[in-house]
Structures are given as structure tokens and as C-alpha cells.
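Below is one structure, written out as C-alpha cells; comments come after it.
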Amino acid sequence: MARENISDLLAFLAVARERSFTKAAGRLGVSKSALSHTLREFETRLGLRLLTRTTRSVSPTEAGERLLQNIGPHIYEIDAQLAALGDLRERPAGTFRITTAWHAAESILWPKLAKFLVHYPDIKVHIIIDYGLTDIVAQRYDAGVRLGEQVAKDMIAVRIGPDFRMAVVGTRAYFAKYPPPKHPKDLTDHNCINLWLPTYGGPLAWEFEKGKRELKVRVDGQLVFNNGPQIVNAALAGYGLAYMPEDMAQPHLTRGRFKRVLEDWCPPFPGYHLYYPNRRQSSRAFALLVDALRYRK
């Protein structure tokens, strides 16, 4: 294969995965106009349209999708093998991209990485906060973090955190105006602060369980955010009830800023897991990273 075809192929894969020339150009370190010119020349040389461009989006054509599905995984494997060459160095080295939600990054990843990275200066970790349940293979992440029940069966999963519970909370001032809910269905009568999930195309349903009874409640309210800290701040300001991990609510419960409701409907459930494709195990540096993140009671 001609050398220019390889570089053009890498450019195409970046745009096809990101669905954006702007994001792909940022990842590749080139200008958007230069990237667009490269892709047009590549298409001209192949005699095929690989991308459908509109003013708002970019998506692969049938030919582009075929190229993405058939060639993309091989490029990923080449990257993994190049990273594994770092094992031949005296010190483990490599750059690893992990996609995760804010709560897992704050409560699990960062405390462990802060200790680990001090001992391995040649290992780099990119933490990308994302609530979209990203396809880590298609987006070329080395690993992702999800709750145990959300990990795909074809992935290797390593537990990195303990079981935890969710909590429904509001301020005492809020409950002075509205009666506390006694059942999850009562939440539909309350102003609730929601978390937006791109994958679902809407707010996260609030999940409850009591004995063998499981409920998912679609709540409504004036505010919807896409990250946890904003939800906490809005709840503290009295804008409604919030549904959050127990450890995020606990400091405010201890200080009396929050009052908790429906606690008997919020049992513990499996905590966070690091997950990755089987082929990602080849690097010693990655194995050290996984072991550092592994949950130990």
C-alpha cells in the first residue's frame, strides 16, 4: 500500500469514528481545512465517496462503513502491538485512554491513579468523562468504566470499586413546602433534577428495588444536567429532589443540608468495573494499570 494511502486511511478513520471533522482534526493535530482536503483527495484517488457531509454532521457512506468495520479493528490491533513494545524498555510505558462517568473518575479512578502514576512516570492516562456508554472499540479507547450490570458480555471486566447505593435527597426547606414521597411513584408529583444520558436520548430513569419488586420511575422537573456536581448544587439550592450516589450525598446529609427519602427502596448494587477487549492484555504497562485499579476489600 502506498504511504499516502496509509496516512489518508488514518485520517478517514478518525473522522468516521468522531463523526466530526473538528474533533478528528483536534485528535490528529491538524487544521480542519487540511483534514477535509486530505479526505477529498483520498476519495478522488479511490473513486468512491466515503463520507456524507452535511452542515450539521458527518457520517460514513456504505463504502466508508465497510472500510471502517473491516480495517478499523486491524488499525486498533496495530496500535496495541506498538504500545506493547514499551515492555521491551527498562521501565513500563504507554498511553491509555479510559472513558468513564464523572462519579467513577472522582471517587475511584483519580484516588488510585494519583498513587500509581508516581511510580510509573512513563505511563500516561487520558480520562475522558462521558455519559454516553461509548463503544470503546469503535472509538479506540483502551478501556471504559461502567457499573457491573452494564458491561457487555464479550468484554473482560475487572471490579474496581465496592458495592454502592443511590440516594434520593432534598433540602429541609424543600420538604417544608412539599410532603416527602413515601413510595417511588410519588416522585411524579415532585420537582426532580434529572441527569441527561446521550445514549438514551433523554434523562436517566430513577431505579428502585424492594424485596423482589423493581421499579423504574421517569421523573420530571425544571432542571436537567449532564454531570453530577451540578445536580448536587441545584438540589442544595432547593430546586427539587435529586437522585445520586450515596457517597456524593453523605457529606451534606451529615451537615443537615440534605434530608434523605425512600432509603428502604435503595439497596446496594454492584459497583464500578473496568472493562476492555481481550486483545488489550498484551501490554505489561496496561496490566500494571489494571492491577492498580483492581478493587481489594
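Derivation of every value follows stated rules applied to the coordinates shown; laboratory data play no part. Fair warning: this is a prediction, and the values are worked out from it, not measured in the lab. So basically every Cβ, Gly included, is an ideal-geometry build from the backbone, and we count neighbours across all protein chains shown.
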Just the ratio, please: alpha-carbon radius of gyration of the chain over 2.2 N^0.38 Å, N its number of residues.
-> 1.19
Listed peptides 11-24, 227-240, 38-51 by packing density, highest first (mean Cβ within 10 Å) = 11-24, 227-240, 38-51
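Output needed for segment 3-84: three equivalent-ellipsoid semi-axes, defined as square roots of 5 times the C-alpha gyration tensor eigenvalues, in descending order, whole Å.
On the way: eigenvalues 76, 44, 32 Å².
Here the semi-axes work out to 19, 15, 13 Å.
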Cβ-Cβ FRET estimate between Ser33 and Ser7, R0 fixed at 22 Å, reported to 0.05 | 0.85
Give the span of segment 103-262's Cα atoms along each principal axis, as three whole-Å numbers ordered largest to smallest.
-> 56, 33, 30
With each pseudo-label sitting 7 Å past Cα toward Cβ, what's the Asp135-Lys153 distance in nm, one decimal?
-> 1.9 nm
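Highest mean first, what order results for 243-250, 289-296 on Cβ atoms within 10 Å?
Details: 243-250: 18.9, 289-296: 16.0.
With the highest mean Cβ count within 10 Å placed first, the list reads 243-250, 289-296.
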Within straight cross-link reach of Lys115, meaning Cα distance under 21 Å, which lysines are found once same-chain residues fewer than 8 apart are removed?
-> Lys124, Lys297
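Give me the extension gain from Tyr295 to Glu62: residue separation times 0.36 nm, minus the current Cα-Cα distance, reported in nm with one decimal.
Details: separation 233, 0.36 × 233 = 83.88 nm, distance 4.31 nm.
Fully extending the segment from Tyr295 to Glu62 adds 79.6 nm.
Using a simple charge model, +1 on the beta-carbon of Lys and Arg, -1 on the beta-carbon of Asp and Glu, nothing else, what dipole does the chain show about its Cα centre, in debye to the nearest 20? Provide the component values of the computation, followed by the final result.
Numbers: 42 positive and 30 negative charges, 94 e Å.
It works out to roughly 460 debye.
Which percent, to the nearest 5, of DSSP beta bridges fully inside the chain are antiparallel? Display every interim value, and only then the final one.
Numbers: 26 of 39 bridges.
Expressed as a percentage, antiparallel bridges in the chain total about 65.
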Among all the lysines, which ones have a C-alpha under 25 Å from Lys177's C-alpha, if same-chain residues fewer than 8 places away are not counted?
-> Lys185, Lys259
Equivalent ellipsoid semi-axes, segment 188-297, via Cα gyration tensor eigenvalues times 5, rooted, Å | 32, 17, 16
Whose amide H sits under 5 Å from the amide H of Leu223, counting only residues 5 or more places off or on another chain, with H placed in the peptide plane?
-> Asn194
Take the Cβ-Cβ distance between Leu223 and Arg172 as r, set R0 to 25 Å, and report the resulting FRET efficiency rounded to the nearest 0.05.
-> 0.85
Residue order, fewest to most beta carbons within 10 Å, for Cys192, Cys266 = Cys266, Cys192
